[in-house]
1. So, in region 212-248, of the ones that are touching a Leu at 6+ places or on another chain (Cβ under 6 Å) and in a strand (DSSP E or B), which residue ends up farthest from Ala366 (Cα to Cα)?
2. With the requirement that a residue be in contact with a helix residue (DSSP H, G or I) (Cβ under 6 Å, 6 or more places away or on another chain), part of a helix (DSSP H, G or I) and not aromatic (Phe, Trp, Tyr), what does region 1-35 give you?
3. Taking region 382-410, which residues are in a strand (DSSP E or B), open to solvent by 20 Å² or more (accessible area, probe 1.4 Å) and not charged (D, E, K, R)?
4. Can you confirm whether region 411-422 contains a residue that is open to solvent by 40 Å² or more (accessible area, probe 1.4 Å), among the hydroxyl-bearing types (Ser, Thr, Tyr) and not in a helix (DSSP H, G or I)?
5. I need the full set of residues from region 327-371 which are modelled with pLDDT of 95 or more, open to solvent by 10 Å² or more (accessible area, probe 1.4 Å) and of a type in the set (S, T, N, Q), in order please.
6. Quick one: is Ile312 modelled with pLDDT under 95 and of a type in the set (A, V, I, L, M)?
7. Could you list, in sequence order, the residues of region 18-53 that are in contact with a strand residue (DSSP E or B) (Cβ under 6 Å, 6 or more places away or on another chain) and farther than 22 Å from Ala116 by Cα?
8. State the number of residues belonging to region 185-224 that are out of contact with any strand residue (DSSP E or B) (no Cβ under 7 Å at 6 or more places or on another chain), buried (at least 23 other Cβ atoms within 10 Å of the Cβ) and closer than 26 Å to Glu375 by Cα.
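The values are calculated or read from the model by the stated rules, or taken from the named source; none is laboratory data. Since this is a predicted model, take the numbers as computed values, not measurements. Cβ sites come from the backbone with ideal geometry, for glycine too, and all protein chains shown count toward neighbours. Accessible surface areas use protein heavy atoms only, side chains included; no ligands, DNA or RNA. Shrake-Rupley method; radii C 1.70, N 1.55, O 1.52, S 1.80 Å.
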Amino acid sequence: MTADLSQIVKAYDVRGVVPDQWDESLAELFGAAFVRVTDANAIVIGHDMRPSSPGLADAFARGAARLGADVTLIGLCSTDQLYFASGSFDLPGAMFTASHNPAQYNGIKMCRAGAAPVGQDTGLAEIRELAEDWSENGAPEAAATPGSVTHRDTLKDYAEYLKSLVDLTAIRPLKVVVDAGNGMGGHTVPTVFEGLPLDVVPMYFELDGTFPNHEANPLDPKNIVDLQARVLAEGADLGLAFDGDADRCFVVDERGEPVSPSAITALVAARELAKHPGGTIIHNLITSWSVPEVVREQGGEPVRTRVGHSFIKEEMAKTGAIFGGEHSAHYYFKDFWNADTGMLAALHVLAALGGQEGTLSALVAAYDRYASSGEINSTVADQKASAAKVKAAYENEDVTLDTLDGLTVTARDWWFNLRASNTEPLLRLNVEARDVATMTRIRDEVLNLVRTSA
């Protein structure tokens with residue numbers, strides 16, 4: 001097929017509609033290009049539960065083997081299970097998933113050996129160029145000796161490794177509702193939670209890439225409504241919601257209220273600093289003020305970075321950080337090859353809650369100190385003009401402005417960040433303040449500027 005690869009090769013991964021934008025023939029070229037760019041003689045491949053995933057993964061494997069690389073297929077897995085395989089086998093890896101996107105989408109998340117990220121600046125641009133060239137001019141010449149393709153199940157090893165990092169054997173029994181959203185959490189949770197003092201109430205554990213119950217995107221409040229109701233109905237201690245490829249985990253407390261990912265970041269940071277005193281913690285620039293405050297209180301060193309997993313992982317490697325967290329519920333661990341794993345964050349929350357007698361809402365109150373707007377999207381005709389208008393409105397005020405990632409304006413009692421989407425004509429706003437009234441005022445001021453044409 002002839003494909004416009006600029007439409008499907010994103011900043012961090014490959015993602016598009018199957019078969020309209022890409023198909024198995026293109027996946028085979030991506031497999032060959034991946035081996036060529038990473039100079040790999042062996043790779044590992046996993047896939048999610050989408051109907052198109054097995055065929056695409058097999059095609060990628062054929063392309064890789066054609067160029068002489070030995071391929072280990074680990075089959076159905078979560079994205080962080082693929083990172084585990086890449087890290088523990090010390091092999092480059094490819095995960096076939098479109099995370100929380102609708103059923104007609106699929107994609108590839110790629111990494112180098114040790115789960116090191118592959119993004120636009122670390123190999124993805126070269127992979128795209130090779131695939132484009134080969135799609136126009138024919139596939140590359142096969143290696144004299146093609147690689148082998150073997151199958152290996154890593155689920156139990158993945159589960160045991162995670163449980164070796166967090167001790168849950170002595171916690172009090174907890175009742176936990178888990179919404180897998182028909183995604184890969186339904187595959188991983190039973191094995192990871194097996195043998196733990198947990199009464200698990202499963203929701204939507206059936207693997208179904210058509211997502212019949214709700215989108216597997218817990219960042220959207222409408223997708224955790226079922227979980228919130230079930231936590232209350234069951235009288236559970238907490239609820240957990242995983243996204244489609246189960247690399248992100250969202251938490252609901254015993255009242256059915258969502259727990260801010262910033263509060264989870266601060267809680268896990270405190271636990272990691274107890275194990276590694278004085279360590280560095282990474283947080284992106286739209287996590288709560290609470291995060292660097294808690295890190296400093298616990299004797300750690302907070303480091304602020306741009307939004308996005310490639311920036312977090314790069315900073316993790318550069319600083320030797322022990323942990324990193326993002327507002328989107330991506331959590332990164334040095335003990336997990338600097339990769340993100342929502343499951344490990346969930347185990348930390350369970351250990352913290354089960355290690356004391358109070359409720360989750362009481363436990364996280366110490367880590368959730370400010371009023372937050374959450375992320376608010378606005379469709380705009382001209383992102384730069386709208387952002388410039390907002391900057392002009394505040395630059396003569398008693399505030400600090402910085403442009404590390406979009407525009408961040410910080411005052412004594414509030415801050416906001418306004419960032420352009422890389423893929424859509426949107427501006428994303430996050431506001432935080434010391435009280436709800438101030439947050440509401442600043443939120444409405446900025447939205448009025450953004451949404452009113454000049």
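1. Our first condition is that a residue be touching a Leu at 6+ places or on another chain (Cβ under 6 Å); within region 212-248, this holds for 237-239, 241.
Then drop every residue that is not in a strand (DSSP E or B), which leaves 238-239, 241.
Working: Leu238: 17, Gly239: 19, Ala241: 22 Å.
Among those that are touching a Leu at 6+ places or on another chain (Cβ under 6 Å) and in a strand (DSSP E or B), it is Ala241.
2. Of everything in region 1-35, those that are in contact with a helix residue (DSSP H, G or I) (Cβ under 6 Å, 6 or more places away or on another chain), part of a helix (DSSP H, G or I) and not aromatic (Phe, Trp, Tyr) turn out to be Leu5, Glu24, Ala27, Glu28, Leu29, Gly31, Ala32, Ala33, Val35.
3. Narrowing region 382-410 to residues in a strand (DSSP E or B): 400-402, 407-410.
The next check asks that each one be open to solvent by 20 Å² or more (accessible area, probe 1.4 Å); those that pass are 400-402, 410.
Listed by number, the residues that qualify are Thr400, Leu401, Thr410.
4. Narrowing region 411-422 to residues open to solvent by 40 Å² or more (accessible area, probe 1.4 Å): 412-413, 420, 422.
Remaining after also requiring among the hydroxyl-bearing types (Ser, Thr, Tyr): none.
Scanning region 411-422, I find no residue that is open to solvent by 40 Å² or more (accessible area, probe 1.4 Å), among the hydroxyl-bearing types (Ser, Thr, Tyr) and not in a helix (DSSP H, G or I), so the answer is no.
5. Asn338, Gln356, Thr359, Ser361
6. yes
7. Val18, Trp22, Arg50, Ser52, Ser53
8. The qualifying residues number 1.
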